[in-house]
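Notes follow the structure.
The values are calculated or read from the model by the stated rules, or taken from the named source; none is laboratory data. All figures in this text were calculated on a predicted structure; none of them were measured in a lab. Here the Cβ positions follow ideal geometry from the backbone for every residue, glycine too, while neighbour counts run over all protein chains shown. We work out accessible area using only protein heavy atoms, side chains counted, and drop any ligands, DNA or RNA first. Shrake-Rupley method; radii C 1.70, N 1.55, O 1.52, S 1.80 Å.
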Amino acid sequence: MNEVSKEMKYGVEVYDYKGEEYKIAMSYGKWRVAYLNHADTFVEENFEKIERHNETDEVFVLLKGSAVLIIGEELNRVEMEPHKIYNVPKGVWHHIFTKEGTSVLIIENEDTGDKNSDYLYIK
């Protein structure tokens, strides 16, 4: 398989690439890259709110461990698989659950924050 595959799950674009070498899967504006490592905030029992970013997509890549993306007000669950790219388009409600030892790569616009995001409290 030499091409990037793309499938949709509950409105989230899921990318995968099995070939060798460097391959661009997707591009979007001015991005920042960050690590999201497991913390109490991301434990399912501590779940309080979902968020949406109004000006940017947000990309998640599970590097190791176990993570679940929570998508939409319906709280759909997308079980993440390592090394696949999960793009949450702008305006889509989301949250992430992780377990101990999990590390996720996040790519988003460098100005993503409270001024261009909304929060919906669940509890």
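Quick look at the values:
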item: Residue match in the stretch 17-24 (condition: under 15 Å from the mean Cα position of the chain (by Cα) and either open to solvent by less than 50 Å² (accessible area, probe 1.4 Å) or closer than 20 Å to Ser103 by Cα (or both)); result: no
item: Answer residue from the stretch 23-38, given it is out of contact with any Asp or Glu (no Cβ under 7 Å at 6 or more places or on another chain) and either aromatic (Phe, Trp, Tyr) or in contact (Cβ under 8 Å) with a residue 40 or more places away in the chain (or both) and is farthest from Lys84 (Cα to Cα) among those; result: Gly29
item: Single match in Asn76, Asn54, Asn2 (criterion: touching a residue at least 12 places away in the same chain (Cβ under 8 Å) and surrounded by 13 or more Cβ atoms within 10 Å (Cβ to Cβ)); result: Asn76
item: Single match in Lys84, Lys90 (criterion: open to solvent by 40 Å² or more (accessible area, probe 1.4 Å), of a type in the set (Lys, Arg) and either in contact (Cβ under 8 Å) with a residue 60 or more places away in the chain or over 15 Å from Leu120 (Cβ atoms) (or both)); result: Lys90
